[in-house]
Structure formats: structure tokens, C-alpha cells
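K.L.:
The structure follows.
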């Protein structure tokens, strides 16, 4: 007993694990796991759990040395302390990889853990639910094995337990089960998971609320029908209120839920807009930073993508202003890429939408990012796509003119296209185009004869008198100087 307690104390400190492994502690644990004294068995199992938890290599060794079958068989006949420790060992093994989780399933670990969910002791339930979570999170087939063992209704019952830690772990496990397929999510819904989760939204525990919103997001993301169920069960307006929660991760997960719901249909987007969700997300973007902003950024893009009216609602709610700040403040390229995508979804609908993006001075920023060699490939691609879709609708020529001077050819083509369409109808714009240097820049562009770009240039030149076009053409000043040299003034 003294020996196993000493080893347990050593194993609880990660810096000792390598020493224990080199000393051959696994071989010493085998007879202790079979000892007639239950306390010695439990302490040995505790050491086994610490070893398996430390690294996937040690977890694989635990599986290879065939500790799991005896551990799982013993769970049925031992006390609650042993069951809790055994669940810890199964969790420590299963968390590392799908292969190790599969080894736990093959040994009958899931069935033993589900039996533990029916225990009276709340901490045994928590340990079992946590181990099931580590199995289910890897892939759909492992989640299905958890569902087939009858875990879902018991996990839903755990949500009704008075102890907060059990509620947290049960919500997390349901989230990881539901995330893989619509069918797995439907199983949780059929057992009343949505109702139980939503009833706990007003609970003051921040960690619990994080798991609640994560689980509802994983349910609602799969289909329109599941998203509608989440909304109809009354997740709002309490869900909107949580965007003002003191905990940043609660706010992030609440905005993630909205993102997953609005992406399905315009009708669902409108429901969330009407209950104040859009305004709350935009306000949150003004206070959040980094990855906390990402779900809200994408939520604005999904709302705007559904149609002109919803995109205009995003604009009127000052969504473009917040997206512009995100683009300037965030250093991470994947966050910038998401921001650019959302801006593109807002500006692609009509000239009014595109002009709003242009007026917000976002076009030069998109152009700069698209041409920056330091930008990721995804960010560059999204900038180019957003620019093209916005430029094809933009009618604000004063905002387009700066793009003439710095754009690459693939963007310049669309800028010239807009000028060729709009200049024939706007005399004031033609005058400004000359005085700002736009016409001169057009004459300097080298385009292939007969190309689309050359057609646009010709159409722009046709908007001006020939002598003005000649005046701003490259080399014309030299021609004038030559004429000056040859000019003979009239003598009186």
C-alpha cells in the first residue's frame, strides 16, 4: 500500500512520468491491479490513468499491455471510487486518437461507462460522461457506438442533475456527439436535449453556458429543420442577452450559434435580425478581439448573402464600420479572409450596396491585401473575388479612380469596365476624370490589341474629344516640342 501510494503521488507530477516509465512501472502495476485489496487496485489504476494521460505513446503501451479488459471487467463489481478511477483511465486512453478510442470501444468500455451513468454517485456520472466525450469527439462511427450503447438519454438526464460540473460535461458530450452528422444530432433532439439545454441558458455559471451554446450550435448547423427546432424551443431572446455576458467565450459561442442558424435561410436570418441578434453581434465585434470576433464576422456575411434587404440591414446597422475595424486591427490572415468574405457578400447585390462598401474606403484596403506578398493565398484569393463582385456593381467613380493607379491587370480590367459604362452618361465625372489624372493613366495602360481591356480603353477614349486624348497620350509632349522646333513664327 505504501509503495502504490508513493507511485501514485509521483505519477501525479508530469515531470516524473519519464522516470517511472524507464523504471518499468507498467510491469510493476500489473500484479497490483490484481491485488485482493480494493484500495491497492484503485491506486494502481490511478497511476495507470496518469501514465496514459501523459502521452499517446504511453496510452498505446497501456492498450498493448492489455490492461483495459481487466479494468473494464472490474468496474461492475467494485465501489464508486474504483469506477471513477477506471473511467479516468478510459478517458486518458481514448482522448489521444481515434485508434485508441476504438481500442476502448472494442474492449467493451462504452457499455461499462454507460452503466456508470446510471450510478447514484454524481462524480461517477461525471467521470463516465467525460470518458464518453473523449470517445465521441473523434469521428461519427465512434459517436455512433456511444449512441448505440444508450448513452444519449442518460446524458440528457445528467443535464437535470443539480451539480454544475455534471451539467457541463454532459452538455459537452452531447455537443461532440451531435457535431458529426444530422442523424446523430437528431438522436439528441429526440431525447429532449434542446429543451434541457435552453432551460439552462440563464444559469450564472459561465463554463456551463459555453457548453450549452456549443451544443446548440452543433445541433442547429446540420439542417433547416434542426435550426428551426432550436429557435422554436425559445433560445432567443436569452441567447441574444448572452452576447453581453461578462465571459468572452460565452459571447463567442452565442455568436457561433447565430452564425450556424442564419446560414440556412433568409427567413431564419430575419428571425434573428428581428430579435436584435444582428445589432448585438455588431456591438460585440466592437469590443471583442482575435478569434472571439470570427463567428460574428462570418454571421454578418451569411446574413448579407441571403438578399439585398438583409444586406442593407447589415449596412444600416453599421456592420461595414465594424468589419472595416476588424480588417485594420486583426493580424491573423484567416480572420482577415473571413472579414473580406463578409464584405464581399454585402457589396455584391446592387450599386447601392457596392457604393456603401466603396464609401467606407474598403476598396483600397482590399486591393492592398490582394497585392501584398505577405498575405496568405486564401486571403489574396478572397480579396480578388470580393473586389471583382463589388466593382461590377460600383457606380461611385470617385472611389474607383484611385484603383486605376495601383491595381493589377485582373482588377484593373473591372475598374476600366465600370468607367467605360458610366462615363458616357456623366459629364461632371468626365471632367473630374481628366483633372484627376485618370484619363492620362488610361493612356499609359499597355493592353493587347483586340483584348477586352483594350475595348474598355477605347470606349473610355470615345467619351472625350480626340485632341484631349492625344494631349494625355504618352509621348505627345515630345511631339509638341518637335512641332515647336519646326515652327516658323510669322514675321511682321
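Condition check ((1) farther than 30 Å from residue 144 by Cα; (2) loosely packed, with under 14 Cβ neighbours inside 10 Å) across all residues:
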residue	(1), (2)
16	yes, no
24	yes, yes
41	yes, no
77	no, yes
91	no, no
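K.L.:
Could you figure out which of (1) crowded, with 24+ Cβ neighbours inside 10 Å; (2) over 22 Å from residue 214 (Cβ atoms) isn't true of residue 155?
P.N.:
(2)
K.L.:
Tell me which residues, restricted to region 66-119, are under 23 Å from residue 171 (Cα atoms) and out of contact with any helix residue (DSSP H, G or I) (no Cβ under 8 Å at 6 or more places or on another chain).
P.N.:
111
K.L.:
Determine if region 105-113 includes at least one residue that is at pLDDT below 95, outside any helix (DSSP H, G or I) and under 23 Å from residue 51 (Cα atoms).
P.N.:
Checking region 105-113: at least one residue is at pLDDT below 95, outside any helix (DSSP H, G or I) and under 23 Å from residue 51 (Cα atoms).
K.L.:
Same structure, new question: Could you check region 30-39 and list, in sequence order, the residues that are free of Cβ contacts under 8 Å to residues at least 24 places away in the same chain and surrounded by 13 or more Cβ atoms within 10 Å (Cβ to Cβ)?
P.N.:
Result: 35, single match.
K.L.:
Would it be correct to say that residue 350 is touching a residue at least 40 places away in the same chain (Cβ under 8 Å) and either outside the structural domain of residue 293 (by TED's automatic domain parsing) or closer than 18 Å to residue 302 by Cβ (or both)?
P.N.:
no
K.L.:
Working only within region 383-413, note down all residues that are in a helix (DSSP H, G or I), farther than 15 Å from residue 355 by Cβ and in the same structural domain as residue 454 (by TED's automatic domain parsing).
P.N.:
Scanning region 383-413 gives 404, 405, 406, 409, 410, 411, 412, 413.
K.L.:
Moving on to the next point. Picking from 280, 238, which residue would you name as being more than 28 Å from residue 330 (Cα to Cα) and either at pLDDT below 95 or assigned by TED's automatic domain parsing to the domain that holds residue 338 (or both)?
P.N.:
238 is the lone residue from the list that is more than 28 Å from residue 330 (Cα to Cα) and either at pLDDT below 95 or assigned by TED's automatic domain parsing to the domain that holds residue 338 (or both).
K.L.:
Moving on. Residue 422 - would you say it is touching a helix residue (DSSP H, G or I) at 6+ places or on another chain (Cβ under 7 Å) and either without any contact (Cβ under 8 Å) to a residue 24 or more places away in the chain or not assigned by TED's automatic domain parsing to the domain that holds residue 313 (or both)?
P.N.:
When the stated conditions are applied, residue 422 passes them.
K.L.:
Can you tell me how many residues within region 432-459 are out of contact with any helix residue (DSSP H, G or I) (no Cβ under 9 Å at 6 or more places or on another chain) and either in contact (Cβ under 8 Å) with a residue 60 or more places away in the chain or surrounded by 15 or more Cβ atoms within 10 Å (Cβ to Cβ) (or both)?
P.N.:
Within region 432-459, residues that are out of contact with any helix residue (DSSP H, G or I) (no Cβ under 9 Å at 6 or more places or on another chain) and either in contact (Cβ under 8 Å) with a residue 60 or more places away in the chain or surrounded by 15 or more Cβ atoms within 10 Å (Cβ to Cβ) (or both) number 1.
K.L.:
Being assigned to a helix (DSSP H, G or I), touching a residue at least 12 places away in the same chain (Cβ under 8 Å) and surrounded by fewer than 23 Cβ atoms within 10 Å (Cβ to Cβ) narrows it down to one of 315, 297, so name that one.
P.N.:
315
K.L.:
Okay, next question. What's the number of the only condition in (1) closer than 28 Å to residue 49 by Cβ; (2) in a helix (DSSP H, G or I) that residue 209 fails to meet?
P.N.:
Tallying (1) closer than 28 Å to residue 49 by Cβ; (2) in a helix (DSSP H, G or I), residue 209 fails exactly one: (1).
The values are calculated or read from the model by the stated rules, or taken from the named source; none is laboratory data. Note that the coordinates shown come from a computational prediction; the quantities given were computed from them, not determined experimentally. Please note: Cβ atoms are built from the backbone with ideal geometry, for glycine as well, and neighbour counts cover all protein chains shown.
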